[in-house]
Structure formats: C-alpha cells, structure tokens
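The values are calculated or read from the model by the stated rules, or taken from the named source; none is laboratory data. Every value quoted in this text rests on a predicted model; they were computed, and no experiment measured them. Cβ atoms come from the backbone with ideal geometry, glycine included; neighbour counts cover every protein chain shown. Accessible surface is based on the protein model in full, side chains and every heavy atom, while ligands, DNA and RNA are left aside. Shrake-Rupley method; radii C 1.70, N 1.55, O 1.52, S 1.80 Å.
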Amino acid sequence: MSAVTDDDRTVPPADASTDAAAPGADPVPEEVSYEGQFYPARPARLRPRARLRDRLWQRKAKQPGSPTGDNPDYVSWLVDESMLADATTFARQFAGQGSMWQNPYAAPDPRAAIDKAAVWFTAYPISMITKAGGTFLGTLGDEDLWSAFESIGITAIHTGPVKRAGGITGWETTPSVDGHFDRISTQFDDMFGTEDEFRAMCEVAAAHNGLVIDDIVPGHTGKGADFRLAEMKVGDYPGIYHMVEIPKDDWGLLPVVPKGRDSVNLDEAAERRLTDAGYIVGEMQRVIFFEPGVKETNWSTTAAVLGPDGEEHRWVYLHYFKEGQPSLNWLDPTFAGMRLVIGDALHSLGDLGSGALRLDANGFLGVEKNATGGPAWSEGHPLSEAANQLIASMVRKVGGFTFQELNLTIDDIKNTAERGADLSYDFVNRPAYHHAMATGDTEFLRLTMRTAQAMGVDTVSLVHALQNHDEMTYELVHFATLHAAEPFTFRRKEILGADLAVLIRAELTERLAGESGPYNALFTTNGIASTTASIIAASLGFDDLSALTAENIEAIKRAHLLLAMYNAWQPGVFALSGWDLVGALPLERKQVAALIADGDTRWIHRGAYDLLGFQPDATESTSKMPKAPALYGSLAEQLADESSFASQLRAILAARARHGLATAQQLDIPAVSNKGMLVMVHRLAESDQVTVLNFANTTVSGSVRSDHLRPGSTVIDMITSAPVGEVDDLHSLYVVLQPHEGRSLLVVPPVD
C-alpha cells in the first residue's frame, strides 16, 4: 500500500471571520515610536486577537484493529492526530493574504514587545489550584484574578505548556516525561481546559490591558503521532527529526531494546560504532541530564517498527534532553520540522488569540559533524540562528513577539538577539544574583552584568525573572564552555573562566543545599531545585523551615522584595511566578517520591499554590500536585494589607511604570564602596535613574559614584517622590541602606 501523507487530509473551507488577526482582515494599528522606524513608510503593528471560529475538523475516533503499520486505519488515525498535518491546515489559512505584509518583521524589537507587556506572571499548569470545578485555563481567565494582576501591575501571563504532551503507544496516549514540554498535539490537554477557554482568557486579559503568552517548542516533540509515523517511514514524517535509518545488515551495531520499551539510549561504545560507520555525527559538546545507565549519550535507538511498506525499520535518533523528546531537524530536504513549528505558531497567534510565544529549547536546532574528530558542533550553531530568525520573523509578521530561554553563552544570546527572538531570558545574571544573596557579596553579579554589557547585550532585551518551573540553574555556560580558558579578575586575582564556574557552583552548593538548606536539592549538574523563598531561607541561615518565626518570615519577605527590585528596577521584562506571589516553600521529598525517583528533583519546588484562595481547604491541585507551604497568603489577603509582599511589590512596579524604567538604557554598573551593594545607572527619557541595592544582611553605607551623574542634580526617591539629596561635584551621592533594602532614585538634572 502507498504511504499516507499529511496532504491526504481533506481541508474544509476557512471560517469567514472579520476579526483583526484573521488573514485578510483590516489591521488594528498601534503606535510605533520614531526610534523603532527604520524607514518612514514602516507600517503599524497589528494587535493579535482571537478569531473565535469553530474547530476546523472533528478528530476521528479510535478504530478497531491492530495498531501497526500494516493497518491503514491506524496509519490514517495517526496522520489525523499529527502536528504536521495540523500545521499544513493552519498555514493554508494565512497563505496569500494581505494581512501578512502589514507588520515589520526583519529585526527584533524588544522595546515594542515591552510596550505591549512589561511585567509577566509565569504560570505552571499542573501547580495551580483552580476554582472549584474549574480548569486551569478557566481560572486564568477569571475576572477577579485579572483585577488582582492589574492592581499589582502584571500585564501578561505566560501560560506554560497546556497542549497534549507525552507519547502514543498503540491507540493509547502516554504521560508527559517533562512537564508537558514534550508536545504531541496542537489540541489542548483536557486536564487544563479547552480552546474556547483559552480564547476567553485572551479576551479577559485584553480587557485588563494585558495579553497572553503561549509556547512553541522548536527543538523537539514528544513521541506522539508524528514520531510514530516517522518510525514507520510514512511520507515526510522522518524528515521532521534528526533520525537515521539503520539497514538490517547493520542492526548488529545497535543495542537490544528490552521488552516493553520502544527505545534505548546508546552508550558511548555504541555511539562510536555508529559514528565510525558513518551513520551519525557522534558525540556532542555536552550531555544534558547525564545519568549513568539512563542517559549516557544524546542518541537512542528504536525497536523494530513495521511500516506500511511491509518492511521493519530501526532508527537512531537525537535527543538533547530526555529519550522521549526526539529533536527536530531544521535542515531536512522536506523541511517538515520547519513546517510543523511555523504552523503551530500561526495557530496560537492567529486562531487562539495569544500575543506572544516562548521559544523553548531553540538553542539546539543545528548539529554538524566535526571534521577534526572532536565533538559535533551542536551549540551556537549558525543554523540555530537562522531557524530562530525564521520563527521570530513569522511571529512578527502576524503582529506578535517572541522570547527565548537560551541557557548558552553571552555570545550566543547576543547573536540570536540581532535577528532572532525579541527578548531573551536572563540566564547570565540569574545565578549571579542568587550568589549575591547567598554570600552577601555582589562582585560576581557585577562581573556578569559588566561582561554582558561589554559584549553588547542590551539589558532591555532580557527577561529578568524570579522563580520559574526549572531549577535555580548554575551551569554558568558562558564561563564553563566557550570562555573556559579566558582570564577574569575576581577577588583581586586572575582566574580562568572554567575555574570561576567551579568556584561559584561550589559556593552556591555549600550555602544553599546540604546542611545549609536540607530542604533544597541538587538537580543533576544543572542547578539546585528550590523556590525563591527557600534560597533566601538558606542564605539567612534558616535550616529548618518548619521552625520559621514571624520575624524569620519578615526577613525572608524583605530579601524577596530586594530580589524583585533587582529584576524590576532595570530595563527589560520583569517576570515572577505563582510560587513567588504566595511565598511558596519546597515540598518534602516523600510527597513527590514517585516523581523524583528518576533523579528529577525539580518536582520539590513545583508544589501547588492557590492565588486567590479559590479552594482554601484544598491539599493538592487538579493535577494531584501537593500544595506547597506558603508564607504570604493569597493575593486577596495580601492586597488588603499594605505591608504584605504583593502590596509592596505593587509599589515597586508602580514606580517602574510611572517613569518608564522598563524601556530605559542601562549606562553603568559602577564600583561600590561596600561589597554588599549593587548600583545600576539608567537613562530615562528626560532624566537618569539609579537603583541602589543592599544584598547584605547588615546595614551598609557609602558613596554611589558614576560619571553619568551630573553634579547639582536633584535626587528624588521614586517610591515616596520626596527629595533625598543632590549629586555632588565628584559625580556621587551618599546612601545608607538597611539589611536587604533597595532604593530607586530619580536624578533630575539642574536647569542650565
């Protein structure tokens, strides 16, 4: 029989929606600053909106018969379930439409993105306690919740992964292996809600001057219909992945796949055999999530799979992350992987109503054999840059923006920022500010910030975040890899980048885990599983979270607000999570024993939280995540108390918004007179701004000096609006800061 391809689906006519984001619809213009115009005729940006149309098709029910490649009904069902087929359908709705040419798209525009959304709430679907009987998406679209967000100053929510994930075995789906980042469908997972609830959430967000940020994953999928069709060698599906078919004559090079498994990881010897035989490019620059006996290389082999051609096939496939996350191939002649990702992006922006997309795992889109015999080139590859430019440009063409989580070198962040995503997650300074909190010394933080500035990374292009769903990373890729042999000056001595990374990791581990923080846990070689509150608790010497006093909690809250000031009182996006808003602490290991059994200790910091007290008596989320201990209470309680974390955060963000700090220019990270201090100097539209922070748990005082500060300028506290001093003739001002205190100072130049 002939193979079934994604083009075999019958495509019904598109809904004739008149909404602004629909292809062919009239654009909804937004203001474009002169700074953002590269030429006078540059068109206005479109505001993405949901098209609110019915589903294009109804899914086929599961058919009787064997779930194997010799059953046409099974193959046809898989095609119907596949993301590549969906992408083809969605892309056709946009082809040949005038609306596709109304937006600038060539260059990233972080300030335009921040003008749309400067403060983000990053959700984690399985950890949110919903309204009684409600879904995650339904709860995120709650009017009361958005009123609370608007009051605090939150202007966007990043939903996190909410589409179906995991895999398909036979006719049945299998669970996600990585918190729903192993996508297998464009359909929503029933446990999180429906497409209609997602669209309604986008409308509620817009009514509160906010927008919704969705996810696409350009780096990999799960083992869903697309991968199963690829294994069967159906149509273009093998072209989606970095996978190589091994002829039967060479199956002896492959390890045996144990009964009950569909694949097995290659050990180093098998990797070398297949490399020498010319099948794969071999060893990579590093093995992410390395674990002996589980993941020793980035390659796995499938069991024999029967295809529609009547032949059995075995493949070796690449996965940078877990075995259930096969990597996409961005340079296959079919361009099937590219088609899948672009179609997914168009669906989210043009049909569902999101305004932006997070690009996950987008730093690993190219791989090339090393001609000299060393590890394959797999990080910082030009193909990744080209692919990111294509994705980001397409998103900008339909009026949205993108951000990336790229835990690579500063060089890579700079390069991708030139033509790729509009914004990048600040992985460089994130472990550095945790180090400053843990040690009370900001020297390493000043070093990372100055290094990024010297290399041309504009602070406004970064997403400065508190906790997210991942561990507190301390890989320090910039120092540990590309700049390992480069000397840096630290603590008055020269130290190589590789040695600096080892030193910082050791200090973080010593102060935040083990005896200092037994409630935190190491996560492989990537970082420390912890909440923001538990990082602070360990830094303050609280080794027993069950014994925290009211005074201890107040100290944690004060330091937590300091970290919020660091991230919010500089140019760029400020992001925080539900765990931050309620002051969540880690779960006890026994509560998530089954989830951490494979070594993924991150589950201890993903406890459930209840933002508005939707279900005060709930002990777990709908997804069965146990409820985390929380120090601050619900948002409803906090917003009624001016001394609470959320209320003080509201004041921090109000000052930021009032003076346009999010889109300012960072001028200087000056030297400080006390190691616990950090100073940042920024240029606003008509004045300057100085952020002064004390990371030490003691009172500090000293002069803040920068050549950018003009003598005679009046210094005003941005929170109280009260004058607090004047810049002297040495371009400096004197400050006194209490333990973990921060101040945002407006510097108004004198009238000539």
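Structure summary
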{"item": "Rg ratio (alpha-carbon, reference 2.2 N^0.38 Å) - the range 385-453", "result": "1.33"}
{"item": "C-alpha long axis of helix 143-152 to longest principal axis of the chain, angle in °", "result": "40"}
{"item": "Angle in degrees between helix 443-454 and the longest Cα principal axis of the chain, rounded to the nearest 10", "result": "70"}
{"item": "Gyration tensor (alpha-carbon) shape descriptor, the range 72-229, a/c threshold 1.5", "result": "oblate"}
{"item": "Mean shadow area of the range 222-370, taken as a quarter of the surface of its Cα convex hull (nm²)", "result": "10.1"}
{"item": "Longest segment of the chain lacking GluC sites (Glu not before Pro) that sit in a DSSP loop with at most 16 other Cβ atoms within 10 Å", "result": "32-310"}
{"item": "Whole-percent carbon and sulfur share, accessible surface of the chain, 1.4 Å", "result": "52"}
{"item": "Using alpha carbons only: equivalent-ellipsoid semi-axes of the range 480-624, gyration tensor based, whole Å", "result": "30, 20, 16"}
{"item": "Accessible area (Å², 1.4 Å probe, nearest 10) - VAL672", "result": "40"}
{"item": "Built amide H within the under 5 Å cut-off of GLU741, gap 5+", "result": "ASN694"}
{"item": "All lysines inside 26 Å of LYS233 as judged from Cα atoms, apart from same-chain residues fewer than 8 positions distant", "result": "LYS60, LYS62, LYS163, LYS223, LYS248, LYS259, LYS295, LYS322, LYS369"}
{"item": "Cα-derived Rg over Rh, computed across the range 577-709 with Rh taken as Kirkwood radius", "result": "1.11"}
{"item": "Per principal axis, descending, Cα span of the range 306-460 in whole Å", "result": "66, 45, 28"}
{"item": "Between the range 523-589 and the range 205-232, the Cα center-to-center distance that results, in Å", "result": "30"}
{"item": "Equivalent ellipsoid semi-axes - Cα gyration tensor, the range 644-688, angstrom", "result": "22, 18, 6"}
{"item": "Per residue accessible area of the chain, 1.4 Å probe, in Å²", "result": "37"}
{"item": "Set of lysines with alpha-carbon distance to LYS590 below 17 Å, sequence-local pairs under 8 removed", "result": "LYS624, LYS627"}
{"item": "Principal-axis tilt of helix 497-512 within the chain, Cα atoms, nearest 10 degrees", "result": "80"}
{"item": "P(r) of the chain over all Cα-Cα pairs, binned every 20 Å from zero, in whole percent", "result": "16, 51, 29, 4, 0"}
{"item": "Cα gyration tensor shape for the range 64-139, rounded if a/c is under 1.5, else prolate or oblate", "result": "oblate"}
